[in-house]
1. Note down the relative contact order for segment 103-246 as a percent, whole number, built from C-alpha pairs under 8 angstrom at least six residues apart.
2. Find the relative contact order for the chain and round it to a whole percent, using C-alpha pairs within less than 8 Å whose residues are 6+ positions apart.
3. Let me spell out the model: positive unit charges on the Cβ of Lys and Arg, negative unit charges on the Cβ of Asp and Glu, origin at the Cα centre of segment 350-399. What dipole size does that give, in debye rounded to 20?
4. If R₀ is 45 angstrom, what is the calculated FRET efficiency for the pair ALA388 and HIS25, using the beta carbon separation as r and rounding to 0.05?
5. Please identify the DSSP H helices in the chain that span no less than 27 Å along the helix axis (Cα) and have a mean Kyte-Doolittle hydropathy of -1.0 or more.
6. Which residue fluctuates the most in the chain, going by a Gaussian network model with Cα springs under 10 Å, if the choices are MET57, MET206, MET288?
7. Return the sequence-ordered ³J(HN,Hα) values of segment 348-363 in whole Hz as given by the Karplus equation 6.51 cos²θ - 1.76 cosθ + 1.60 applied to θ = phi - 60°, using x for Gly and Pro.
8. Take the eigenvalues of the Cα gyration tensor for segment 203-321, scale each by 5, and report the square roots as semi-axes in whole Å, largest first.
Amino acid sequence: MDKKKICIIGLGYIGLPTAAMFATHGHKIIGVDINRPVVEALNNGKITINEPYLDIMVQASVTSGNLVAYTEPKEADVFIIAVPTPITNDKKADMTYVVNATKAITPLLRKGNIVILESTSPTGTVKNILLPILKESGLNIGEDVFVAHSPERVLPGRILIELVENNRIVGGINQQSGEAVKELYRTFVKGEIYVTDATTAEMCKMMENTYRDVNIALANELAMICEREEINVWDVVSLCNKHPRVNIHQPGPGVGGHCIAVDPWFIVERYPEMANIIHLSRSTNDAMPEFVAEKVNRLLDRVNGNKVITIFGITYKPDVDDIRESPILHLIEILEGRSDIEIRVVDPLVQHHRYLVKDTEQALTGSDLVLIGVNHKEFASFDFEKAARTMRNKTILDTRNLLSGKTAMMKQLDIEYHLLGAGN
Ligand code: SAJ
């Protein structure tokens with residue numbers, strides 16, 4: 001296809017990789033972000049988010065002149081909206097950024113333009129929010145301007161691979177819009193591209209993450225039941241999954257990140273009387289830090305006076321530096337309610353946190369409990385000997401099943417090992 005001028009609004013975890021991908025395939029990209037330091041850094045070829053290989057790709061895009069960043073949108077052939085859709089304190093979708101981005105591009109629209117919404121959005125967003133604003137341009141939307149929702153589906157940590165390999169959904173406001181947007185993404189998407197209507201695409205995106213949330217909630221509920229039954233949930237899950245049609249997810253200390261812990265609420269908000277399983281699953285997963293805190297309290301209450309807990313890993317999942325909505329941060333907040341607990345954090349991927357102790361030996365010295373919060377690759381080579389030497393009480397609580405293969409070694413070193421969902 002011809003090379004296009006593409007204006008991408010929002011240069012975060014989705015907008016920036018998408019910009020770099022289009023730019024390295026020869027399109028001219030106008031990257032837009034309201035955050036001036038992000039724009040300035042980008043124009044110097046530097047990025048402010050951590051994602052494998054993204055730095056190299058962005059640098060190449062900027063050096064080639066195919067990616068230039070601004071704080072305001074400019075005229076283009078295609079407009080892609082990739083701004084956040086956060087959740088308010090009362091669990092409602094905050095569409096302010098989508099509204100503002102749509103308003104900002106409307107005066108720039110010309111005949112033949114394409115507008116794509118990539119941000120995860122509640123059903124009806126294209127129809128009820130985007131279209132009325134775009135119509136203010138005076139153009140015939142659908143005939144002069146093509147509009148579609150094409151939700152991103154990439155997994156943080158694998159974004160550049162998944163942008164190319166994943167199947168993609170394009171929800172057009174009409175067939176022409178769907179086909180035009182499909183052709184554009186063909187630039188780099190090697191997976192299938194399925195064209196549907198905008199509202200179906202919106203529902204698919206929310207439901208994909210909700211599917212994960214509900215299944216994780218099932219695993220977490222099972223973990224709590226297995227604790228009572230005094231059997232090991234990780235064995236139960238792994239053995240159940242030997243069945244050809246069963247895929248129970250992994251239990252853990254809760255669900256974090258900006259997607260799975262958020263998107264189900266968009267469905268609950270619109271259909272509170274019907275979305276019962278979805279609501280209950282969200283609440284189950286949100287309650288996991290509390291369940292872990294109770295276990296921590298039971299273990300620490302065996303120690304007289306002040307107690308020390310050393311938490312390994314506070315990011316929302318392994319091998320990323322992102323702490324947004326991390327369940328371990330929630331656990332820390334609960335533990336902060338006790339004045340007799342000193343909290344220390346070890347996390348090689350995190351640069352700043354109020355309890356971060358950079359030196360692991362120092363973090364372990366005098367500690368009464370090590371809590372494995374995230375299974376970062378680095379932690380698999382946990383130095384048990386060092387821990388056994390310097391901890392005051394040699395106890396480990398593993399919420400991720402990271403160390404269960406090493407119980408013999410722990411026994412030798414007199415380390416007491418507790419595993420979430422294993423009734424010990
Ligand atoms: N988790 C569990 N048990 C599991 C799987 C995950 O407790 O079996 C927890 C993780 O520890 C983490 C959270 O869930 O705290 C989410 O992690 P994740 O790796 O499953 O997903 P995200 O949030 O990083 O990315 C998801 C992906 N969605 C799906 O897999 C359906 C990704 O493809 C989406 O693009 C992304 O949300 C998004 O942006 O919506």
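Computed from the coordinates by the stated procedures, all read-outs in this text should not be read as laboratory data. Treat the numbers as computed from the prediction; the structure is a model and nothing was measured. Please note: Cβ atoms are built from the backbone with ideal geometry, for glycine as well, and neighbour counts cover all protein chains shown.
1. 22
2. Details: 858 pairs, mean separation 47.7, N = 424.
Dividing the mean separation by the residue count of the chain yields 11 percent.
3. Computed about the Cα centre, the dipole is about 100 debye.
4. Working: r = 54 Å, r/R0 = 1.19.
So the FRET efficiency works out to roughly 0.25.
5. Values: long enough: 198-229 (46 Å, -0.17).
Span-like helices, by this rule, are 198-229.
6. In this elastic network of the chain, the residue with the biggest mean-square fluctuation among MET57, MET206, MET288 is MET57.
7. x, 8, 9, 8, 9, 6, 4, 9, 5, 10, 5, 8, 4, 4, 5, 5
8. Values: eigenvalues 155, 73, 41 Å².
Its equivalent ellipsoid spans semi-axes of 28, 19, 14 Å.
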